[in-house]
Each structure stands twice: as structure tokens, then as C-alpha cells.
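The next block holds one structure in the form of C-alpha cells; read it before the comments.
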Amino acid sequence: MHLPSFRIGLGHDTHRLEPGGPLMLGGLAIDHDRRAVGHSDADVLLHAITDAILGAAALGDIGELFPDTDPANKGRDSAEMLATAAARLASAGWTIANLDCVIFAQRPKILPHRERMRERVAAILGLAVDQVGLKAKTGEAVGPIGEQLAIAAECVALITPAGGDSPPA
Ligand SMILES: [Zn+2]
């Protein structure tokens, strides 16, 4: 069977918000009056990216790689989780072509932080900044996103064989 020499992956993540800061997002600690709640540092953007790249290579998901039943994962740095997933991807013979990501948050405004987030994600993954697309949407003031009860993120990742045109064996 002939397989195309690229694969695509989709990642989605949601975390509950609670009063207090900072908000961990895109590998940055953003000064904000709410923070995301989770077993790790609850960075929705990095978690969505992690699932997108793992999914593209059919390597499972973030919950399998870092079970929340493992005390070692409590408060874990999501940048380290993403770097671990990227190492798995590289071991499987794949390289990331590009990412396109969306953050769903009523507040804070993402635009002032967007370039630093793109740079941070690119640095974690060893990519050029122009391989990392990032947009943000509010919740239009309705629903859990709009009412600032939750924050979410989505990411699609395109991966290609690290060694050229043929898919890894
Ligand atoms: Zn998460």
C-alpha cells in the first residue's frame, strides 16, 4: 500500500479556571487573575500541541505518556512533556512540518503574548517561528469559555519523514 509521506494530527485540551494567577499558557507564566487547574501545570496550549504531534504519528496521547495517577506528573512542566513527546516523534522517524493552533479564552487578550508564545513553542520543538501558527478566540461571553470557567486549545500538526520522502518503516 502506498502511503503519503506526511501525516496530520489533531490535539484538543480543556482546563478549568480558578481565581489566582499566574496563567500558564504556551510555556509562559502570564500575569492574570485566574489560573488553569490540572494535575500538571495545566498549560492547555502545550497539551494540545503534545496530543497533535503524538496523534499524527499514532503514538498514543499525553495521558498515556504522563498518567495523572503517577505522582511524578504532579505539577509537571508541560514544556518538558512536549519535549518528551517530540523526542518520541523523532525516534519514530518523523519531523514536524508545521503547527496551527487556536486558544479559546475570554481573557486575557492573547495578542500581546502571541509572538512570545510562538517563539517559546518553536524553541521547545527546535522549529523556526514561522512553523508555529497561533490564533485566539474568545467565548463571545457565553458558555464555560465565555464565563471564564474554562480555557481550551486546539492544534493541528503536519509531520513528514525525517529522512526524506519515504514514510518511516
Ligand atoms: Zn491538559
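Could you say which residue among Arg88, Arg76 is basic (Lys, Arg), outside any strand (DSSP E or B) and within 13 Å of the ligand (Cβ to nearest atom)?
None of the others qualify; the one that does is Arg76.
Could you grab the pairs with beta carbons closer than 7 Å, sequence gap of 6+ or different chains, first residue in segment 40-62 and within 28 Å of Glu18 (Cβ to Cβ), second one among the polar types (S, T, N, Q) and surrounded by fewer than 21 Cβ atoms within 10 Å (Cβ to Cβ)?
From residues that are within 28 Å of Glu18 (Cβ to Cβ), the pairs are Ser40/Asn73; Val44/Thr14.
Per-residue answers, yes or no, for (1) surrounded by 22 or more Cβ atoms within 10 Å (Cβ to Cβ); (2) modelled with pLDDT under 95; (3) of a type in the set (S, T, N, Q); (4) within 30 Å of Gly164 (Cβ to Cβ):
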position	(1), (2), (3), (4)
Phe6	no, yes, no, yes
Arg16	no, no, no, no
Leu23	yes, no, no, no
Asp31	no, no, no, no
His47	yes, no, no, no
Leu59	no, no, no, yes
Phe66	no, yes, no, no
Gly75	no, yes, no, no
Thr84	no, no, yes, yes
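Exactly one condition in (1) within 15 Å of the ligand (Cβ to nearest atom); (2) free of Cβ contacts under 8 Å to residues at least 40 places away in the same chain is false for Glu119; which is it?
(1)
Mind checking whether some residue in segment 56-64 is in contact with a Gly (Cβ under 7 Å, 6 or more places away or on another chain), of a type in the set (Gly, Ala, Ser), away from the ligand (no atom under 15 Å from the Cβ) and part of a helix (DSSP H, G or I)?
Checked segment 56-64: at least one residue is in contact with a Gly (Cβ under 7 Å, 6 or more places away or on another chain), of a type in the set (Gly, Ala, Ser), away from the ligand (no atom under 15 Å from the Cβ) and part of a helix (DSSP H, G or I).
Out of (1) more than 16 Å from the ligand (Cβ to nearest atom); (2) farther than 18 Å from Ile151 by Cβ; (3) free of Cβ contacts under 8 Å to residues at least 24 places away in the same chain, the odd one out for Pro19 is which?
(2)
Taking the options Ile145, Ile159, name whichever one is of a type in the set (Val, Ile, Thr) and either modelled with pLDDT under 95 or in contact with a helix residue (DSSP H, G or I) (Cβ under 9 Å, 6 or more places away or on another chain) (or both).
Ile159
What residue, of Ile96, Ile110, is in contact (Cβ under 8 Å) with a residue 24 or more places away in the chain, more than 16 Å from the ligand (Cβ to nearest atom), closer than 21 Å to Gly38 by Cα and out of contact with any Cys (no Cβ under 9 Å at 6 or more places or on another chain)?
Ile110
Could you list, in sequence order, all residues of segment 127-145 that are under 21 Å from the mean Cα position of the chain (by Cα) and not in a loop (DSSP other than H, G, I, E, B)?
Correct list: Val129, Asp130, Gln131, Val132, Gly133, Leu134, Lys135, Ala136, Lys137, Pro144, Ile145.
Please enumerate the residues belonging to segment 36-53 that are within 13 Å of the ligand (Cβ to nearest atom) and part of a helix (DSSP H, G or I).
Across segment 36-53, the qualifying residues are Val44, Leu45, Leu46, His47, Ala48, Ile49, Thr50, Asp51, Ala52.
The values are calculated or read from the model by the stated rules, or taken from the named source; none is laboratory data. Fair warning: this is a prediction, and the values are worked out from it, not measured in the lab. Ideal geometry is used to build each Cβ from the backbone, glycine not excepted, and the neighbour counts take in all protein chains shown.
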